[in-house]
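The values are calculated or read from the model by the stated rules, or taken from the named source; none is laboratory data. Everything numeric in this text was worked out from a predicted model, so none of it was measured. Counting neighbours? That spans all protein chains shown, and the Cβs are built from the backbone with ideal geometry, glycine included. These area figures cover heavy atoms from the full protein model, side chains too; ligands, DNA and RNA do not enter into them. Shrake-Rupley method; radii C 1.70, N 1.55, O 1.52, S 1.80 Å.
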Amino acid sequence: MPRTRDQLAQRAAQELQDGFYVNLGIGIPTLVANYIPEGMTVTLQSENGMLGMGPFPYDDQVDPDLINAGKQTITEIPESAYFSSADSFAMIRGGHINLSILGAMEVAENGDIANWMIPGKLVKGMGGAMDLVAGVKRVVVVMEHANKHGQSKVLKRCTLPLTGTGVVSRIITDLCVFDVKPDGAGLELIELADGVTLEEVAAKTEAAYTVASGLA
Amino acid sequence: MRKIYPGAKEALDGLLFDGMTIMAGGFGLCGIPENLIAALRDSGVKGLTVISNNAGVDGFGLGQLLETRQIRKMVSSYVGENKEFERQYLAGELELEFNPQGTLAERIRAGGAGIPAFFTATGVGTLVAEGKEVREFDGRKYVMETGLVSDLSIVKAWKADERGNLVFRKTARNFNPMMATAGKVTVVEVEEIVPVGSLDPDQIHTPGIYVDRLIVGTFEKRIEQRTVRQRETA
């Protein structure tokens with residue numbers, strides 16, 4: 001069975017490690033915060049200027065001066081720190097964030113990612129996505145395997161304007177997990193979701209990939 | 001020299017001209033200079049290039065200056081929250097330059113710090129790098145981005161002392177500190193002006209050297225995405 005959104009987030013949470021500083025993108029990646037393993041210290045960064053993001057506020061705690069990068073109201077926790085946008089992106093660009101979990105429209109077998117613009121449709125902007133993929137040590141994409149037309153989002157080459165080139169390390173979809181091997185060596189299928197077969201992944205994936213020895 | 005002005009209108013007096021470039025602080029509607037934006041609208045100054053991470057929402061924030069067609073060009077990273085913006089942009093009435101958010105922040109920081117250009121890996125191999133110099137350092141490619149300055153920066157802080165030393169609050173800080181440094185003139189609105197000596201010098205975010213004019217504003221602080229959780233009932 002393909003993974004649900006929550007199961008995708010749950011799988012992505014396995015990418016977290018104790019002590020990590022992590023930036024979560026909008027959509028499914030945001031849900032990863034719900035699955036941080038008990039006893040693990042993970043600090044969430046919000047690129048509008050905060051480290052140590054707390055949960056959504058109760059109604060009587062809402063503070064207009066305290067929002068996340070999705071412009072949602074949030075709360076602080078005892079270890080929170082605030083800083084300017086320049087400091088925030090110095091942190092990101094400088095390689096100090098351990099992991100970024102992002103959504104994508106397309107990912108290619110060379111690690112290219114497209115997630116900000118569809119030509120001919122209204123472009124809202126890239127926000128911080130280009131800085132995150134260029135600067136964060138490890139970029140993991142979490143997305144549906146196919147778009148709403150049933151076409152593979154894991155491609156030989158991206159067709160949409162790129163957010164970054166050769167930056168993605170791992171792709172987690174509702175069907176499976178691919179590792180992007182370094183230096184353009186292509187994709188390796190390393191996991192199947194429960195009940196998903198190699199044949200189903202093969203039928204629904206445009207990109208070329210090798211299959212990890214344990215799966216073949 | 002006294003920096004404190006009685007109101008937003010007075011604080012902008014003599015600073016405005018058509019075709020000028022204005023930086024406006026804020027992320028979404030968080031930490032925006034509400035009072036100075038309203039005064040810009042009332043002034044009727046037009047043909048503006050506005051550098052701001054976002055473009056407000058319909059009827060609030062920079063959305064007010066779009067409604068009155070005072071903005072000619074926006075330099076932003078994300079503008080998805082504004083129908084009037086969309087309409088003017090699609091009709092070709094509004095020019096738009098997208099910058100990656102971190103590149104925008106650094107361009108402003110650099111501009112204020114007297115650095116004309118810098119290299120960043122952000123955007124290499126994308127549309128953002130088109131027409132820009134790309135150079136390799138230690139085997140990695142970087143694109144050259146230029147520093148930004150403004151004719152006027154409008155900034156929102158939480159508190160100021162009478163000399164213009166500023167303290168921001170929570171995530172309302174965002175682009176405000178860098179914009180304060182990058183304005184030929186910087187006008188700041190705050191919630192409270194306190195006497196000199198009542199702010200701890202170690203806790204000041206923006207030193208008063210960057211602040212030319214100062215007002216106390218009144219704030220609506222509209223929330224874009226009010227997101228709450230429910231208390232578990234006992």
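Looking at the stretch A:46-61 only, could you name the residues that are farther than 22 Å from residue B:54 by Cα and either open to solvent by less than 40 Å² (accessible area, probe 1.4 Å) or at the interface with another protein chain (Cβ under 7 Å from one of its Cβ atoms) (or both)?
A:52, A:54, A:55, A:56, A:57, A:58, A:59
Hey, residue A:74 hits all of (1) open to solvent by 10 Å² or more (accessible area, probe 1.4 Å); (2) more than 18 Å from residue A:135 (Cα to Cα) but one; which does it fall short on?
(1)
Considering only residues that are of a type in the set (Val, Ile, Thr) and open to solvent by less than 10 Å² (accessible area, probe 1.4 Å), look in the stretch B:161-197 and name the one that is nearest to the other protein chains (Cβ to nearest Cβ).
Out of the qualifying residues, it is B:171.
Those residues that are of a type in the set (D, E, K, R) and either under 23 Å from the mean Cα position of the chain (by Cα) or more than 8 Å from chain B (Cβ to nearest Cβ) (or both), I need them from the stretch A:62-75; list them, please.
Matches in the stretch A:62-75: A:71 only.
Looking only at the stretch A:184-211, count every residue that is assigned to a loop (DSSP other than H, G, I, E, B) and touching a strand residue (DSSP E or B) at 6+ places or on another chain (Cβ under 8 Å) and tell me the total. Explain how you work it out, then say what you get.
Filtering the stretch A:184-211 for residues assigned to a loop (DSSP other than H, G, I, E, B) gives A:184-186, A:193-197, A:205-208.
This time we only want the ones that are touching a strand residue (DSSP E or B) at 6+ places or on another chain (Cβ under 8 Å), so: A:186, A:193, A:196, A:205-208.
Of the residues in that region, 7 qualify.
Only one of these conditions is not met by residue B:210: (1) in contact with a Phe, Trp or Tyr (Cβ under 9 Å, 6 or more places away or on another chain); (2) open to solvent by 40 Å² or more (accessible area, probe 1.4 Å). Which number is it?
That leaves (1) as the condition not met.
Out of all the residues in the stretch B:79-99, is one or more at pLDDT 95 or above, under 16 Å from residue A:71 (Cβ atoms) and surrounded by 15 or more Cβ atoms within 10 Å (Cβ to Cβ)?
The answer is no; no qualifying residue exists.
Could you please tell me which pairs satisfy a Cβ distance under 6 Å, a separation of 6+ or placement on different chains, a first residue in the stretch B:208-234 that is more than 8 Å from chain A (Cβ to nearest Cβ) and at pLDDT below 95, and a second residue that is open to solvent by 100 Å² or more (accessible area, probe 1.4 Å) and in a loop (DSSP other than H, G, I, E, B)?
Sorted first by the residue in the stretch B:208-234, then by its partner, the list stays empty.
Residues of the stretch A:24-43 being more than 19 Å from residue A:73 (Cβ to Cβ) and in contact with a strand residue (DSSP E or B) (Cβ under 8 Å, 6 or more places away or on another chain), which ones?
Filtering the stretch A:24-43 for residues more than 19 Å from residue A:73 (Cβ to Cβ) gives A:28, A:32, A:35-43.
The answer is A:28, A:32, A:42, A:43.
Which members of the stretch A:164-183 meet the condition of being in contact (Cβ under 8 Å) with a residue 40 or more places away in the chain, assigned to a loop (DSSP other than H, G, I, E, B) and open to solvent by 40 Å² or more (accessible area, probe 1.4 Å)?
A:165, A:166
Name every residue in the stretch B:213-234 that is acidic (Asp, Glu) and open to solvent by less than 100 Å² (accessible area, probe 1.4 Å), in order of residue number.
Residue satisfying the conditions is B:224 alone.
State all residues of the stretch A:112-163 that are of a type in the set (D, E, K, R) and either modelled with pLDDT under 95 or open to solvent by 10 Å² or more (accessible area, probe 1.4 Å) (or both); if no residue qualifies, say none.
A:112, A:121, A:124, A:137, A:138, A:144, A:148, A:153, A:156, A:157
Is it true that residue A:34 is of a type outside the set (Lys, Arg) and crowded, with 21+ Cβ neighbours inside 10 Å?
No.
Is it true that some residue in the stretch B:139-151 is farther than 19 Å from residue A:130 by Cα, in a strand (DSSP E or B) and at pLDDT 95 or above?
The answer is yes, given that some residue of the stretch B:139-151 is farther than 19 Å from residue A:130 by Cα, in a strand (DSSP E or B) and at pLDDT 95 or above.
I'm checking my understanding of the structure. Among residues of the stretch B:125-160 that are of a type in the set (D, E, K, R) and crowded, with 22+ Cβ neighbours inside 10 Å, which one is farthest from the chain's Cα centre (by Cα)?
Just the residues of the stretch B:125-160 that are of a type in the set (D, E, K, R), to begin with: B:130, B:132-133, B:135-136, B:138, B:140-141, B:145, B:151, B:156, B:159.
Remaining after also requiring crowded, with 22+ Cβ neighbours inside 10 Å: B:145, B:156.
On the way: B:145: 19, B:156: 9 Å.
Residue satisfying both the conditions and the ranking: B:145.
For the stretch B:1-55, enumerate the residues that are touching a residue at least 60 places away in the same chain (Cβ under 8 Å), of a type outside the set (A, V, I, L, M), buried (at least 20 other Cβ atoms within 10 Å of the Cβ) and not in a strand (DSSP E or B).
B:25, B:26, B:28, B:31, B:33, B:34, B:35, B:52, B:53
Would you check if there is a residue in the stretch A:83-93 being within 18 Å of the chain's Cα centre (by Cα), more than 8 Å from chain B (Cβ to nearest Cβ) and in contact (Cβ under 8 Å) with a residue 40 or more places away in the chain?
Yes, that holds for at least one residue.
List the helices (runs of 4 or more DSSP H) inside the stretch B:57-134, counting only whole elements, that have at least 3 residues being charged (D, E, K, R) and facing chain A (nearest Cβ under 10 Å).
B:101-112
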